[in-house]
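Report on the following structure.
The values are calculated or read from the model by the stated rules, or taken from the named source; none is laboratory data. From a predicted model like this one, the values you see are computed outputs, not experimental measurements. Don't worry about glycine lacking a Cβ; one is built from the backbone with ideal geometry, like all the others, and counts go over all protein chains shown.
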Amino acid sequence: MTPHIRCLKDTTTALENLVALATPEKLLWKPSPDRWSICEVLNHLTDVEKLAVGLRAKRILDEEIPLFVDYDREARYRAGAYTNDDGELALENFRKARKASLAWLEKIQPSDWKRRGMHHVVGEVELSQILSLWAFHDLGHIRQVAELVKAISFWDGIGSLQVYYSVQP
């Protein structure tokens, strides 16, 4: 198993472990109106799985140099695609989407790594680049969820020791 696919596989476990540290109400907490809650992050990850990076990787495997359509996460967010009042449901939706992706990802052959697609902005991209981006994207959101968990579950509990730390959810 490549490091890319290993990371994508481990993302689900990492998110499950982090979500388990927060109450259902805390999964909906937003550090500010323009920042995402854990629930919104999970919904975004599912969206990316089905409509952006995951879809692009699948299309590269299934088609000859597919043209990728634009994916505007801010427009999706404004349209309410990430809104949901149930963090556990958001996690379950991500879990199912990722499981489906892993089923075909684990069948990738070394010869597939050089297959290409056409990105609407940067031009030709290889499957290896898409898989690197996908793992990179996952890790960024794992970090984001970890920062949110730090803020909502542990920050108040460290009391006067806060002078030694900061949170940036």
Return yes or no: is Asp47 charged (D, E, K, R) and not in a helix (DSSP H, G or I)? no
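Identify, from the list Glu64, Glu16, the residue that is in a helix (DSSP H, G or I), of a type outside the set (A, V, I, L, M), surrounded by fewer than 18 Cβ atoms within 10 Å (Cβ to Cβ) and out of contact with any Lys or Arg (no Cβ under 6 Å at 6 or more places or on another chain). It would help to see each step written out before you state the result.
Values: Glu64 fails: in a helix (DSSP H, G or I).
Answer to the check: Glu16.
Would you say Leu133 is of a type in the set (A, V, I, L, M, F, W, C), over 30 Å from Leu28 (Cα atoms) and within 21 Å of the chain's Cα centre (by Cα)? Lay out the reasoning, then the answer.
Numbers: of a type in the set (A, V, I, L, M, F, W, C): yes; over 30 Å from Leu28 (Cα atoms): no; within 21 Å of the chain's Cα centre (by Cα): yes.
Against the criterion (of a type in the set (A, V, I, L, M, F, W, C), over 30 Å from Leu28 (Cα atoms) and within 21 Å of the chain's Cα centre (by Cα)), Leu133 does not qualify.
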Checking Arg116 against (1) surrounded by 14 or more Cβ atoms within 10 Å (Cβ to Cβ); (2) at pLDDT below 95; (3) among the charged types (D, E, K, R); (4) over 18 Å from the mean Cα position of the chain (by Cα), the condition it does not meet: (2)
Inside region 42-68, can you point out the residues that are of a type outside the set (Asp, Glu), touching a residue at least 40 places away in the same chain (Cβ under 8 Å) and more than 18 Å from Arg115 (Cβ to Cβ)? Leu42, Asn43, His44, Leu45, Thr46, Val48, Lys50
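Do we have any residue at all in region 30-42 that's under 18 Å from Glu126 (Cα atoms), out of contact with any helix residue (DSSP H, G or I) (no Cβ under 7 Å at 6 or more places or on another chain) and modelled with pLDDT of 95 or more?
Looking only at region 30-42, we keep the residues that are under 18 Å from Glu126 (Cα atoms), and these are none.
Checking region 30-42: not a single residue is under 18 Å from Glu126 (Cα atoms), out of contact with any helix residue (DSSP H, G or I) (no Cβ under 7 Å at 6 or more places or on another chain) and modelled with pLDDT of 95 or more.
Would you call Thr23 touching a Cys at 6+ places or on another chain (Cβ under 9 Å), outside any strand (DSSP E or B) and either hydrophobic (A, V, I, L, M, F, W, C) or farther than 16 Å from Asp138 by Cβ (or both)?
On the way: touching a Cys at 6+ places or on another chain (Cβ under 9 Å): no; outside any strand (DSSP E or B): yes; either hydrophobic (A, V, I, L, M, F, W, C) or farther than 16 Å from Asp138 by Cβ (or both): yes.
No: the conditions fail for Thr23.
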